[in-house]
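Okay, structure first, notes after.
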Amino acid sequence: MNYENILVETRGRVGLITLNRPKALNALNDTLVDEIGHALDGFEADEGIGAIVITGSEKAFAAGADIGAMANFSYMDAYKGDYITRNWERVKTCRKPVIAAVAGFALGGGCELAMMCDMIIAADTAKFGQPEIKLGILPGAGGTQRLPRAVGKAKAMDLCLTARFMDATEAERAGLVARVVPADKMLDEALSAAETIAGYSLPVVMMIKESVNRAFEGSLNEGLLFERRVFHSAFALDDQKEGMAAFVEKRKPEFKHR
Ligand code: CAA
């Protein structure tokens, strides 16, 4: 498949998607988001892939949804076309873990795309923000929902209402970002984290992803119940037998379902 706006490659057991609209700072138009979905479909179906990394350029992970493409939208264009839900949600529904490797601007839909991923590894150059208010709109791809869950109400209000950007250090302190590394090491760090994850048992990786996501999506009691049920079901896996036997026998586990 030839993509217009992204580059797709594999590195070991990791699928790598690089957003590639440099002239528009990787602004997320429909074609680009469709292409991300198509690439994710391929990686999900590929048994050789255990984790996925989405990255951008040195200057921008993505500077938001494509403003030119939606500038003349009517309400009906947005509503009937199911704008955002139609294709962006594919990132959220991916069952394999997805790491956002962010350098430069992650603004508006760019920040929201990063937050749809399972964790963000940031370069020290990263800048996060939800500046939609300056365009006379509000975040539409989860910014008002995922940002407060990640950083709390105070900072989410600050970013969404003032449109100021948050640098990588502040983002890590606030809990948006898992790790901050020097810009020239950032992609290696993300690929190496992904490779580590891809070395574990895939069903267990998926169970953990689903369970952690429950913490964001429902009540504590619902989340705990869900976690307990999935935890119990892990004992049906031969990878659990192997993982624990390997620990007891002081050797490296050989997981079957990677
Ligand atoms: N959509 C379309 N084009 C964009 C874009 C976007 N979101 N962001 C940047 N670009 C384009 C610029 O128009 C410019 O194109 P030209 O060279 O053809 O003029 C090119 O990328 C480079 O941008 P700048 O010249 O502006 O670069 P800069 O370094 O001076 O500024 C920036 C960088 C601060 C990121 C600035 O480009 C900017 O503010 N971009 C818009 C950020 C934004 O508002 N994002 C939210 C979009 S709405 C949204 O995402 C809704 C949602 O929730 C889904």
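The values are calculated or read from the model by the stated rules, or taken from the named source; none is laboratory data. Keep in mind that this is a model prediction, so the values were computed, not measured. Cβ sites come from the backbone with ideal geometry, for glycine too, and all protein chains shown count toward neighbours. Calculation scope for accessible area: heavy atoms of the full protein, side chains included, ligands and nucleic acids excluded. Shrake-Rupley method; radii C 1.70, N 1.55, O 1.52, S 1.80 Å.
Here are some notes:
- Residue satisfying all of: in segment 238-256; within 12 Å of Leu202 (Cα to Cα) and not charged (D, E, K, R); least open to solvent (accessible area, probe 1.4 Å) among these: Gln240
- Of all residues in segment 67-93, those satisfying the criterion of being in a helix (DSSP H, G or I) and away from the ligand (no atom under 11 Å from the Cβ) are Tyr75, Met76, Asp77, Tyr79, Lys80, Glu89, Arg90, Val91, Lys92, Thr93.
- Residue among Gly56, Gly129 that alone is within 12 Å of the ligand (Cβ to nearest atom) and either free of Cβ contacts under 8 Å to residues at least 40 places away in the same chain or of a type in the set (A, V, I, L, M, F, W, C) (or both): Gly129
- Candidate set: segment 132-145, residues that are within 7 Å of the ligand (Cβ to nearest atom) and more than 15 Å from the chain's Cα centre (by Cα); chosen: the one most open to solvent (accessible area, probe 1.4 Å): Lys134
- For segment 102-116, a residue qualifies if it is under 8 Å from the mean Cα position of the chain (by Cα) and open to solvent by 10 Å² or more (accessible area, probe 1.4 Å), and the qualifying residues are Met115, Met116.
- Verdict on Leu40 being part of a strand (DSSP E or B) and closer than 30 Å to His257 by Cβ: no
- Test result for Leu7, modelled with pLDDT of 95 or more and either part of a strand (DSSP E or B) or open to solvent by 20 Å² or more (accessible area, probe 1.4 Å) (or both): yes
- Taking the numbered list (1) touching a strand residue (DSSP E or B) at 6+ places or on another chain (Cβ under 8 Å); (2) assigned to a helix (DSSP H, G or I); (3) without any contact (Cβ under 8 Å) to a residue 60 or more places away in the chain in turn, Leu147 passes all entries but (1).
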